[in-house]
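Undergrad: Could you have a look at this structure, given as structure tokens, before my questions?
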Amino acid sequence: MCDKRVSARIKGKVYKTVVRPAMLYGLETVALRKRQEAELEVAETKMLRFSLNEYIRGTAHVRCFGDKVREARLRWFGHVQRRDSEHIGRRMLRLELPGRRPRGRPKRRFMDVVKEDMKLVGVREEEAEDRVRWRQMIRCGEP
């Protein structure tokens, strides 16, 4: 990755097929805090800077890491929404635990984050039923 004879475009492709999937693994089901998302952005930028040592995102044709996390989260949400209404995964999305929540600022729940993402992208829950259209709407560009 550090060899100067290898073009930035090839390095970007290697990054998108090897490094980014390892970083994204399992994040589609996690409600990340803003700080955690920022830390992942910093880690990604450091890796790209280490391998490219020049204008990073444009040269390697790599999108922002937060956008890819949002896309993966909405893709997984759409998958669960298309399941049967009695499926355990779909029921767990709407689960409300009995009792009171602890004092203080409420923790970010997965559905809270998904609703923020849907508002940002401009989609509604009902649109998840059409898989092809849903994928087109949540797509954030470059892989």
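Undergrad: Among the residues of segment 5-25, write down those that are among the aromatic types (Phe, Trp, Tyr) and open to solvent by 60 Å² or more (accessible area, probe 1.4 Å). Working first, answer last.
TA: Initial filter on segment 5-25 (among the aromatic types (Phe, Trp, Tyr)): 15, 25.
Across segment 5-25, the qualifying residue is only Tyr25.
Undergrad: Still on this structure, please answer the following. Given the criterion open to solvent by 30 Å² or more (accessible area, probe 1.4 Å) and closer than 20 Å to Arg75 by Cα, identify the matching residue among Leu32, Leu40.
TA: On the way: Leu32 fails: open to solvent by 30 Å² or more (accessible area, probe 1.4 Å).
None of the other options fit; the residue is Leu40.
Undergrad: Scan segment 120-132 for residues that are over 18 Å from the mean Cα position of the chain (by Cα), without any contact (Cβ under 8 Å) to a residue 24 or more places away in the chain and open to solvent by 100 Å² or more (accessible area, probe 1.4 Å) and report the count. Spell out the reasoning first.
TA: Pass one, segment 120-132, residues over 18 Å from the mean Cα position of the chain (by Cα): 126-127, 129-130, 132.
Checking the rest, the ones that are also without any contact (Cβ under 8 Å) to a residue 24 or more places away in the chain come to 126-127, 130, 132.
Restricting the remaining residues to those that are open to solvent by 100 Å² or more (accessible area, probe 1.4 Å) gives 126.
Looking only at that region, the number is 1.
Undergrad: What number goes with the only condition from (1) in contact (Cβ under 8 Å) with a residue 60 or more places away in the chain; (2) closer than 21 Å to Pro21 by Cα; (3) open to solvent by less than 90 Å² (accessible area, probe 1.4 Å) that Asp117 does not pass?
TA: Every listed condition holds for Asp117 apart from (1).
Undergrad: Can you pull out every residue in segment 109-131 that is farther than 16 Å from Leu32 by Cβ, in a helix (DSSP H, G or I) and not aliphatic (A, V, I, L, M)?
TA: Lys119, Glu125, Glu126, Glu127, Glu129, Arg131
Undergrad: How many of the residues making up segment 64-76 are small (Gly, Ala, Ser) and either at pLDDT 85 or above or exposed (fewer than 15 other Cβ atoms within 10 Å of the Cβ) (or both)? Show your work before the answer.
TA: As a first pass, look at segment 64-76 and keep what is small (Gly, Ala, Ser): 66, 72.
With the extra rule that they be either at pLDDT 85 or above or exposed (fewer than 15 other Cβ atoms within 10 Å of the Cβ) (or both), the set shrinks to 72.
Residues meeting the conditions: 1.
Undergrad: Let me ask another. Of His79, His87, which residue is at pLDDT 90 or above and not acidic (Asp, Glu)?
TA: Numbers: His87 fails: at pLDDT 90 or above.
Result of the check over His79, His87: His79.
Undergrad: Same structure, new question: Filter segment 92-108 for residues that are part of a loop (DSSP other than H, G, I, E, B) and open to solvent by 100 Å² or more (accessible area, probe 1.4 Å) and give the result. Spell out the reasoning first.
TA: Taking segment 92-108 and keeping what is part of a loop (DSSP other than H, G, I, E, B), we get 94-108.
Arg94, Glu96, Leu97, Pro98, Arg100, Arg101, Pro102, Arg103, Arg105, Lys107 - these are the residues of segment 92-108 that are part of a loop (DSSP other than H, G, I, E, B) and open to solvent by 100 Å² or more (accessible area, probe 1.4 Å).
Undergrad: Out of everything in segment 73-91 that is part of a loop (DSSP other than H, G, I, E, B) and free of Cβ contacts under 8 Å to residues at least 40 places away in the same chain, what residue ends up being farthest from the chain's Cα centre (by Cα)?
TA: Taking segment 73-91 as the starting set, the residues that turn out to be part of a loop (DSSP other than H, G, I, E, B) are 82-87.
Next, from what is left, pick out any that are free of Cβ contacts under 8 Å to residues at least 40 places away in the same chain: 83-87.
Numbers: Arg83: 21, Asp84: 24, Ser85: 24, Glu86: 26, His87: 23 Å.
For segment 73-91, the residue satisfying everything is Glu86.
The values are calculated or read from the model by the stated rules, or taken from the named source; none is laboratory data. Bear in mind that the values here come from a model prediction, so they are computed numbers and not experimental data. All Cβ positions, even for glycine, are placed from backbone atoms using ideal geometry, and neighbour counts span all protein chains on display. Heavy atoms of the whole protein, side chains included, go into the accessibility calculation; ligands, DNA and RNA do not. Shrake-Rupley method; radii C 1.70, N 1.55, O 1.52, S 1.80 Å.
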